[in-house]
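Trainee: Shown below is the structure under consideration.
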Amino acid sequence: MPSDALAEFELLVMLAALRLGPDDAYTVSIAEDIRERTGRSVRRANVYTTLQRLEEKGLVSTHLGEPRPERGGRPPRLVAVRPDGIRAVRATTDAIRAMTYDLDDLLGETA
């Protein structure tokens, strides 16, 4: 796997963070977005650990947001995808598209 490619769960976390945006992407909202879109059970601890790893790689940055009532007044640690993170998402999704190209008959049509 090229160094700029992401592992499966890293890709899901990055896609959720991109979709939610830097004002709403934090551990809980990312886990919920993945669960809602994939039906996959996601542990917040796994998202947290993945975000730490992505931050160490320079693919995301985090900062404390404003306190929120739905979090008992605690501020969320918000996630912003950095330019290198967008490049990594692009590289990974391009590789997936290249590998699945012309396999519709075998894989079935996707909704």
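The values are calculated or read from the model by the stated rules, or taken from the named source; none is laboratory data. Computed from a predicted model, the values in this text were never measured in an experiment. Ideal geometry is used to build each Cβ from the backbone, glycine not excepted, and the neighbour counts take in all protein chains shown. Remember, those area values only see protein heavy atoms, side chains included, never the ligands or the DNA or RNA. Shrake-Rupley method; radii C 1.70, N 1.55, O 1.52, S 1.80 Å.
Trainee: Checking the condition surrounded by fewer than 17 Cβ atoms within 10 Å (Cβ to Cβ) and assigned to a loop (DSSP other than H, G, I, E, B), which residue from 66, 55, 32, 36 passes?
Mentor: Going through 66, 55, 32, 36 in turn, just one is surrounded by fewer than 17 Cβ atoms within 10 Å (Cβ to Cβ) and assigned to a loop (DSSP other than H, G, I, E, B): 66.
Trainee: Using beta carbons and a limit of 7 Å, which pairs, at least six apart or on different chains, have the first residue in the range 56-76 and of a type in the set (Asp, Glu) and the second one surrounded by 10 or more Cβ atoms within 10 Å (Cβ to Cβ)?
Mentor: What qualifies is 66/75.
Trainee: Same structure again: Just one of 79, 89, 47, 13 is surrounded by 15 or more Cβ atoms within 10 Å (Cβ to Cβ), part of a strand (DSSP E or B) and either acidic (Asp, Glu) or touching a residue at least 24 places away in the same chain (Cβ under 8 Å) (or both); which is it?
Mentor: 79
Trainee: Hey, another quick one. If I go through the range 53-81 residue by residue, how many of them are modelled with pLDDT of 85 or more and in contact with a helix residue (DSSP H, G or I) (Cβ under 9 Å, 6 or more places away or on another chain)?
Mentor: Count: 13.
Trainee: What single numbered condition from (1) open to solvent by 80 Å² or more (accessible area, probe 1.4 Å); (2) at pLDDT 95 or above; (3) assigned to a loop (DSSP other than H, G, I, E, B) fails to hold for residue 2?
Mentor: For residue 2, the failing item is (2).
Trainee: Could you tell me which numbered condition residue 18 fails, if it satisfies all but one of (1) more than 16 Å from residue 92 (Cα to Cα); (2) open to solvent by 70 Å² or more (accessible area, probe 1.4 Å)?
Mentor: If we test residue 18 against (1) more than 16 Å from residue 92 (Cα to Cα); (2) open to solvent by 70 Å² or more (accessible area, probe 1.4 Å), just (1) comes out false.
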